[in-house]
Amino acid sequence: MKKFPDSKRNSRYEELINCMLEITGDSKNIFVLKSADRTSAIGFYKKLYEFYGKTVTVLEAEEVEKNVSSWNGNFLISALNQKDILSFSMDTIKAMIDSRMYNDFRTVFLVHDKRFMRLWFKDDFTGRFLTDEETDFIRKHAIETYVCAESATDSETARAMNDAYLHKEKYILKHHRLGKSEKVYAGVLSSDEEWKALFDSGAVNEMIMQPFLKQKTFPVVWEGKTFDDYICGMMLCVDDRYFDSGMFRASSCPVTNKTDDRKACAVASDCRELYDYGDLL
């Protein structure tokens with residue numbers, strides 16, 4: 001900014017941080033309940049809230065029930081998966097609800113569960129609260145999703161799975177509960193043996209299946225190395241508030257997070273001198 005005094009700074013990130021502070025209100029003690037899933041967000045919670053004078057305690061799933069008296073009534077943030085939540089007693093579940101836990105059970109049991117995406121293609125579900133026009137719009141923009149465990153009772157799913165068994169390059173399998181690309185198998189990245197073993201062993205019964213969509217790649221240079229990268233944008237949201245685009249994720253692998261995962265951001269400027277400050281896509 002000192003080098004370019006006529007430039008203007010506009011940061012939605014500061015608005016985002018202020019929003020996150022507003023959520024915790026006057027709470028001095030924050031407890032994060034987390035599962036063993038890979039995540040880097042917890043470190044951000046601690047640094048942010050501790051910087052503003054709050055105490056942040058992170059409890060692993062196996063510590064949650066032993067420390068109910070510590071976190072009960074304090075501000076809770078959940079980073080728990082379905083399996084760990086279902087292992088808790090009803091008394092613990094009730095204490096979490098009574099504490100008005102942020103990122104509550106609706107997130108992990110509904111929208112975070114990939115089986116939810118199948119419901120957009122079920123008339124008896126969408127017909128309850130969407131018009132025909134709204135349903136048509138969603139289905140045009142959503143990816144057809146199959147719940148593999150339904151293949152025994154749903155003929156459409158059975159046909160798709162039979163096709164996938166023989167033509168792996170057309171499909172991708174994803175564990176319905178896990179995130180961060182864990183237990184995600186794209187046919188184009190799997191050997192015939194690995195792919196068919198998922199079906200033959202019954203492992204697919206914990207997965208959803210979708211058509212694999214071939215994406216456009218972009219020739220880019222990162223730290224002097226040339227890549228053909230897939231680019232994926234992100235939206236920064238807190239509840240129903242939108243804070244502009246976040247970083248863009250870039251990877252030379254069709255499934256981001258599997259091999260390499262780089263970050264990029266957009267800068268709008270006609271100043272060519274800025275080009276020396278980073279790699280350009």
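Residue 100 meets the conditions (1) part of a helix (DSSP H, G or I); (2) of a type outside the set (Asp, Glu); (3) under 26 Å from residue 46 (Cα atoms); (4) open to solvent by 60 Å² or more (accessible area, probe 1.4 Å) in every case but one. The failed one is (1).
Consider the range 125-150 and keep the residues that are under 26 Å from residue 183 (Cα atoms) and open to solvent by less than 40 Å² (accessible area, probe 1.4 Å). The one that is modelled with the lowest pLDDT is 142. Annotation note: Cβ proximity below 9 Å between a residue of the range 52-66 that is touching a residue at least 12 places away in the same chain (Cβ under 8 Å) and a residue that is assigned to a helix (DSSP H, G or I) and basic (Lys, Arg) (sequence gap 6+ or interchain) occurs for 56/46; 56/47; 58/46; 59/66; 61/83. The set of residues in the range 145-155 that are farther than 27 Å from residue 259 by Cβ, touching a helix residue (DSSP H, G or I) at 6+ places or on another chain (Cβ under 9 Å) and outside any strand (DSSP E or B) comprises 149, 150, 151, 152.
Here is a yes/no grid of residues against (1) assigned to a loop (DSSP other than H, G, I, E, B); (2) modelled with pLDDT under 85; (3) not hydroxyl-bearing (Ser, Thr, Tyr):
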residue	(1), (2), (3)
6	yes, yes, yes
9	yes, yes, yes
39	yes, yes, no
63	no, no, yes
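I'd like to check something: does the range 81-96 contain any residue that is over 30 Å from residue 266 (Cα atoms) and in contact with a strand residue (DSSP E or B) (Cβ under 7 Å, 6 or more places away or on another chain)? Yes: the range 81-96 contains one or more residues that are over 30 Å from residue 266 (Cα atoms) and in contact with a strand residue (DSSP E or B) (Cβ under 7 Å, 6 or more places away or on another chain).
Looking at the range 167-222, the strands (runs of 3 or more DSSP E) lying wholly inside it that each contain 3 or more residues that are open to solvent by 20 Å² or more (accessible area, probe 1.4 Å) and farther than 30 Å from residue 34 by Cβ sit at 217-222. Return yes when residue 76 is more than 30 Å from residue 204 (Cα to Cα), touching a helix residue (DSSP H, G or I) at 6+ places or on another chain (Cβ under 8 Å) and open to solvent by less than 30 Å² (accessible area, probe 1.4 Å) and no when it is not. Taking the combined requirement at face value, the residue satisfies it. Suppose we keep only residues that are open to solvent by less than 50 Å² (accessible area, probe 1.4 Å) and of a type in the set (Val, Ile, Thr) within the range 231-281. Which one would you say is modelled with the lowest pLDDT? In this case the residue turns out to be 256.
In the condition set (1) under 21 Å from residue 149 (Cβ atoms); (2) buried (at least 18 other Cβ atoms within 10 Å of the Cβ); (3) at pLDDT 90 or above, residue 122 is compliant with all but (2).
Of the numbered criteria (1) out of contact with any strand residue (DSSP E or B) (no Cβ under 9 Å at 6 or more places or on another chain); (2) part of a loop (DSSP other than H, G, I, E, B), the one residue 125 fails is (2).
The values are calculated or read from the model by the stated rules, or taken from the named source; none is laboratory data. Since the model is a prediction, treat every value here as computed from it, not as a measurement. Cβ atoms come from the backbone with ideal geometry, glycine included; neighbour counts cover every protein chain shown. SASA here: full protein model, heavy atoms, side chains in, ligands and nucleic acids out. Shrake-Rupley method; radii C 1.70, N 1.55, O 1.52, S 1.80 Å.
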